[in-house]
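Right, one structure below, let's go through it.
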Amino acid sequence: ALGKKYKKEQERSTSITDKNYQEIDYIQAEEKRIENLRDRIINMVAKSYGLTDKEIMKKTRRADIAVPRQIAMYLIREIIGLSFPSIGGIFGLDHTTAMHGCKKISSKLGKDQELKKQVDRIRELATI
């Protein structure tokens with residue numbers, strides 16, 4: 001009787017462990033998917049504006065870099081749904097800077113049809 005009880009306990013322990021590993025695998029796969037999508041968005045925005053990935057990540061206020069960086073932040077927020085602290089962390093910036101960038105692009109999209117077309121095209125390319 002003791003052997004059956006031990007065997008059942010061991011089976012339950014094994015199935016719990018297998019389930020935990022499956023959950024960890026899923027979480028790791030999802031993190032990798034998000035990371036790849038984030039990198040693809042940054043790359044597509046950079047290419048669209050004639051920049052390298054490294055240039056778009058620079059901490060500069062130059063409009064030729066800041067605006068594409070804000071577009072990348074906006075798209076990361078819209079497509080992936082990352083938090084402002086996470087987005088700020090990606091670019092080495094404060095979360096309030098990420099908030100400002102996203103808000104600024106969101107506001108411009110309602111007024112600037114050319115910008116809206118560019119952002120929609122980048123979104124389409126990044127999510128293929």
So what J values fall out for segment 70-76 if you push phi through Karplus, 6.51 cos²θ - 1.76 cosθ + 1.60 with θ = phi - 60°, rounded to Hz, Gly and Pro as x? 5, 5, 4, 4, 4, 5, 4
So what is the accessible area of the chain per residue, in Å², with the probe set to 1.4 Å? 69 Å²
Less than 15 Å Cβ to Cβ from residue 76, Lys/Arg counted +1 and Asp/Glu -1: what total charge do the surrounding residues give? +3
Can you pull the percent of segment 31-128's accessible area that's carbon plus sulfur, 1.4 Å probe, other chains left in place? 50 percent
Describe numerically, in nm with one decimal, the distance between label points set 7 Å from Cα along Cα→Cβ at residue 58 and at residue 109. 2.7 nm
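The values are calculated or read from the model by the stated rules, or taken from the named source; none is laboratory data. Please read these numbers as outputs of a predicted model, since none were measured by experiment. Cβ atoms come from the backbone with ideal geometry, glycine included; neighbour counts cover every protein chain shown. Quick note on the areas: whole protein, heavy atoms, side chains included, nothing else; ligands and nucleic acids left out. Shrake-Rupley method; radii C 1.70, N 1.55, O 1.52, S 1.80 Å.
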